[in-house]
Amino acid sequence: PLDLTGTSMLKADVRAGAAAGTTGELSVQTGPDMTWCQGSRWAWTDAGRSSTISVTFEELDCPAGVTFDPSQVYAVWVFLNGGEVYLDDVRAE
């Protein structure tokens with residue numbers, strides 16, 4: 001797993017295509033059971049524009065009984081809805 005100890009948030013830069021905007025969100029799979037924890041902002045990016053999708057670790061919504069462990073991150077997922085979208089620079093800060 002990735003050890004993201006010492007960081008407090010995830011970010012991803014996106015650019016929506018010229019024809020349509022997009023919404024985006026970040027999630028992770030964490031712990032020995034690879035449990036999903038997901039943000040809930042669903043940030044909007046206008047057509048032809050760039051933005052940064054971000055979620056703090058405190059904002060991640062995990063299932064009951066699961067606590068997000070930044071030292072055991074098995075996957076970081078970027079969900080995007082809408083048309084052509086360019087993804088760049090997914091990172092933990």
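Every number in this text was worked out from the coordinates using simple rules, so none of it is lab data. Predicted model only: the values in this text are computed from it and were never measured.
Annotations
- Calculated from backbone phi, Karplus (6.51, -1.76, 1.60) coupling profile of segment 5-19 in Hz, x at Gly/Pro: 4, x, 10, 9, 7, 10, 9, 8, 8, 10, 9, 7, x, 5, 8
- In this structure, the amide hydrogen of Leu60, modeled 1.01 Å from its nitrogen in the peptide plane, lies closer than 5 angstrom to no residue at least 5 positions away or on a different chain.
- Hull volume per residue, based on the alpha-carbon atoms of segment 1-92 and their convex hull, is 82 Å³.
- 3J(HN,Hα) couplings calculated from phi for segment 34-48 with the Karplus curve 6.51 cos²θ - 1.76 cosθ + 1.60 (θ = phi - 60°) are, in sequence order, 6, 6, 7, 10, 9, x, 9, 7, 6, 5, 9, 10, 5, 3, x Hz; Gly and Pro show x.
- In Hz, Karplus ³J(HN,Hα) per residue of segment 52-67 (6.51, -1.76, 1.60; θ = phi - 60°; x = Gly, Pro): 10, 8, 9, 8, 7, 4, 5, 7, 5, 9, 10, x, 3, x, 10, 10
- Placed amide H near Met9: partners under 5 Å, 5+ positions off or other chain: Phe57, Glu93
- Annotation: extensible slack from Thr52 through Glu93 equals 13.5 nm (criterion: 0.36 nm per residue apart, minus Cα-Cα distance).
- Database remark: amide H of Val85 closer than 5 angstrom to the amide H of Gly17 (H placed geometrically; neighbours at sequence offset of 5 or more, or on other chains; Pro and chain starts carry no H).
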